[in-house]
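Visitor: Below is a structure I'd like to ask you about.
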């Protein structure tokens, strides 16, 4: 699969699902998973974005170990994408505005479970590798983006 084809497929599954499972490793080496609202941005292939409350457990975990994994699946479960990569925490007003314009309407739960008037940051995952599953067809494809692929 060509990279452009993968990114088109990733955008489609994210658009369908609107949520994904995000896995980090905590300070004791234990995997931690939670539901997040991911997005991609036009003109920026190779990245998945989400928001987090500044200073939250997940931001502390990725600051100590930036290696993460996402699992995004279509509502019908006919397309599942696992993405591994490295996260950077961005606290730039321009990117925060762009992300809010893209997924702001889908962040109801984020605003409910956060502290009043939360200060948030953007988590930018640089995609290093992915696995695309089509379980109903028995297909699985690994894609690596390391080394300029």
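The values are calculated or read from the model by the stated rules, or taken from the named source; none is laboratory data. Quick caveat: nothing in here was measured; it's all calculated off a predicted structure. Here the Cβ is made from the backbone with ideal geometry for all residues, glycine too, and neighbour counts use every protein chain on show.
Visitor: Check off (1) modelled with pLDDT under 95; (2) surrounded by 12 or more Cβ atoms within 10 Å (Cβ to Cβ) for residue 125 and give me the number that stays unchecked.
Guide: Result: residue 125 fails condition (1) only.
Visitor: For the range 1-13, name all the residues that are more than 13 Å from residue 42 (Cα to Cα) and in contact with a strand residue (DSSP E or B) (Cβ under 7 Å, 6 or more places away or on another chain).
Guide: Of all residues in the range 1-13, those more than 13 Å from residue 42 (Cα to Cα) come to 1-3, 5-6, 9, 13.
The answer is 1, 6, 9, 13.
Visitor: For the range 1-63, please list each of the strands (runs of 3 or more DSSP E) lying entirely inside it that holds at least 3 residues being within 19 Å of residue 133 (Cβ to Cβ) and in contact (Cβ under 8 Å) with a residue 40 or more places away in the chain. Outline the logic, then answer.
Guide: Values: elements: 20-25, 31-36, 47-53.
Fully inside the range 1-63 and qualifying: 20-25.
Visitor: For residue 94, are the conditions met, namely being under 29 Å from residue 141 (Cβ atoms), surrounded by fewer than 15 Cβ atoms within 10 Å (Cβ to Cβ) and at pLDDT below 95? Break it down stepwise before answering.
Guide: Values: under 29 Å from residue 141 (Cβ atoms): no; surrounded by fewer than 15 Cβ atoms within 10 Å (Cβ to Cβ): yes; at pLDDT below 95: yes.
Here the answer is no, as residue 94 does not meet what is asked.
Visitor: Residues 34, 60, 44: which one is modelled with pLDDT of 95 or more, under 20 Å from residue 104 (Cβ atoms) and surrounded by fewer than 18 Cβ atoms within 10 Å (Cβ to Cβ)? Break it down into steps so the answer makes sense when it comes.
Guide: Values: 60 fails: under 20 Å from residue 104 (Cβ atoms); 44 fails: modelled with pLDDT of 95 or more.
Step by step, each of 34, 60, 44 is checked, and only 34 is modelled with pLDDT of 95 or more, under 20 Å from residue 104 (Cβ atoms) and surrounded by fewer than 18 Cβ atoms within 10 Å (Cβ to Cβ).
Visitor: Here is a list of conditions, (1) within 17 Å of the chain's Cα centre (by Cα); (2) at pLDDT below 90, and residue 112 meets all of them except one; can you say which number that is?
Guide: The failed condition is (1).
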